[in-house]
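Comments concern the structure below.
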């Protein structure tokens with residue numbers, strides 16, 4: 001019987017586990033090995049790790065956790081969870097079952113990208129979602145924002161801090177007159193012709209080919225994919241989901257506890273907006289709250 005089973009060994013899950021291990025609690029981490037930022041070559045905006053390969057950040061974190069004797073780590077996918085307070089059972093894809101007094105879902109999210117030829121290959125390389133993470137490297141060049149809905153206007157306004165912006169509506173919405181005036185007031189260009197595909201190198205400048213054959217060159221592109229938890233294991237336990245402007249996430253209270261008592265959730269799957277820094281902070285808070293639930 002473990003004190004806590006953490007499903008997901010990404011940054012949030014490891015940050016939570018660290019707090020628990022330092023309290024000498026027995027922690028099991030199950031990790032499928034699919035970090036959301038696995039496509040990126042460098043992580044930006046994380047204090048002390050700015051510009052470091054995110055895979056190296058994850059490897060270093062795991063090595064540090066493994067120095068604690070009360071950690072068990074399983075490389076494998078969790079398929080299902082059952083039970084309740086003080087007696088949860090998690091089943092893995094390999095058919096093994098593990099028991100824990102508490103559960104923490106640190107599942108990460110899947111990104112539903114716009115269906116544009118050439119975009120998926122460039123995700124995390126020349127197409128991004130967070131200007132705080134990747135805007136600086138675009139050196140105040142031309143930035144394209146590919147709309148996935150009306151919230152793209154907000155994304156374009158934000159990206160305007162990092163370069164000269166063109167909002168590519170791509171049929172996701174039709175700007176009204178007030179929106180057009182707002183964009184013009186902030187010198188944001190508007191392009192309403194649908195996108196045919198993306199061309200150019202996978203990393204570095206990106207070229208947008210429009211449906212009418214025109215080509216637009218950008219230092220980089222931003223878009224806001226719809227998100228949902230990377231696996232349905234929390235939903236299968238009965239955890240309530242919540243809708244946000246970014247998609248679907250696991251609902252939690254201020255202590256990161258879900259609608260299922262003694263099952264907690266943290267990281268991108270349980271908060272918005274998303275960044276590496278925020279995921280780590282959310283995980284650390286969840287770990288402390290999990291510990292408190294075991295004490296009190």
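On the basis of being in the same structural domain as residue 84 (by TED's automatic domain parsing), modelled with pLDDT of 95 or more and touching a helix residue (DSSP H, G or I) at 6+ places or on another chain (Cβ under 8 Å), does residue 233 make the cut? Explain how you work it out, then say what you get.
On the way: in the same structural domain as residue 84 (by TED's automatic domain parsing): yes; modelled with pLDDT of 95 or more: yes; touching a helix residue (DSSP H, G or I) at 6+ places or on another chain (Cβ under 8 Å): no.
Judged against the criteria, residue 233 is not a match.
Between 212, 268, the distinction of being assigned by TED's automatic domain parsing to the domain that holds residue 123 and either part of a strand (DSSP E or B) or at negative phi (or both) belongs to 212 only. Can you name every residue in the range 239-258 that is farther than 16 Å from residue 225 by Cβ and either touching a strand residue (DSSP E or B) at 6+ places or on another chain (Cβ under 9 Å) or surrounded by 22 or more Cβ atoms within 10 Å (Cβ to Cβ) (or both)? Result: 239, 240, 241, 242, 250, 251, 252, 255, 256, 257, 258. Only one entry in 13, 9 is crowded, with 19+ Cβ neighbours inside 10 Å, within 14 Å of the chain's Cα centre (by Cα), at negative phi and in a loop (DSSP other than H, G, I, E, B), namely 9.
Evaluated against (1) touching a residue at least 12 places away in the same chain (Cβ under 8 Å); (2) over 13 Å from the mean Cα position of the chain (by Cα); (3) not in a loop (DSSP other than H, G, I, E, B), residue 207 falls short on exactly one condition, (1). From 103, 107, grab the single residue that is in contact with a strand residue (DSSP E or B) (Cβ under 7 Å, 6 or more places away or on another chain), crowded, with 21+ Cβ neighbours inside 10 Å, part of a loop (DSSP other than H, G, I, E, B) and in the same structural domain as residue 42 (by TED's automatic domain parsing). Checking each option against the conditions leaves just 107. Can you find even one residue in the range 233-245 that is farther than 22 Å from residue 85 by Cα and in contact (Cβ under 8 Å) with a residue 60 or more places away in the chain? Looking for residues that are farther than 22 Å from residue 85 by Cα and in contact (Cβ under 8 Å) with a residue 60 or more places away in the chain, one finds at least one in the range 233-245, hence yes.
If you filter the range 272-296 down to residues that are touching a strand residue (DSSP E or B) at 6+ places or on another chain (Cβ under 7 Å) and buried (at least 23 other Cβ atoms within 10 Å of the Cβ), you find that the one that is farthest from residue 223 (Cα to Cα) is 290. For the range 74-89, check the following and say yes or no: at least one residue is farther than 26 Å from residue 293 by Cα, buried (at least 20 other Cβ atoms within 10 Å of the Cβ), out of contact with any helix residue (DSSP H, G or I) (no Cβ under 6 Å at 6 or more places or on another chain) and assigned by TED's automatic domain parsing to the domain that holds residue 35. Looking through the range 74-89, none of the residues is farther than 26 Å from residue 293 by Cα, buried (at least 20 other Cβ atoms within 10 Å of the Cβ), out of contact with any helix residue (DSSP H, G or I) (no Cβ under 6 Å at 6 or more places or on another chain) and assigned by TED's automatic domain parsing to the domain that holds residue 35. Within the range 171-213, restricting attention to residues that are in contact with a helix residue (DSSP H, G or I) (Cβ under 9 Å, 6 or more places away or on another chain), within 27 Å of residue 139 (Cβ to Cβ) and modelled with pLDDT of 95 or more, the residue that is surrounded by the most Cβ atoms within 10 Å (Cβ to Cβ) is 198. Going through (1) crowded, with 16+ Cβ neighbours inside 10 Å; (2) touching a helix residue (DSSP H, G or I) at 6+ places or on another chain (Cβ under 9 Å) one by one, residue 2 falls short only on (2).
The values are calculated or read from the model by the stated rules, or taken from the named source; none is laboratory data. Only a predicted model underlies this, so the values are computations on that prediction, with no experimental measurement involved. Note that we place each Cβ from the backbone using ideal geometry, even for glycine, and neighbour counts take in every protein chain shown.
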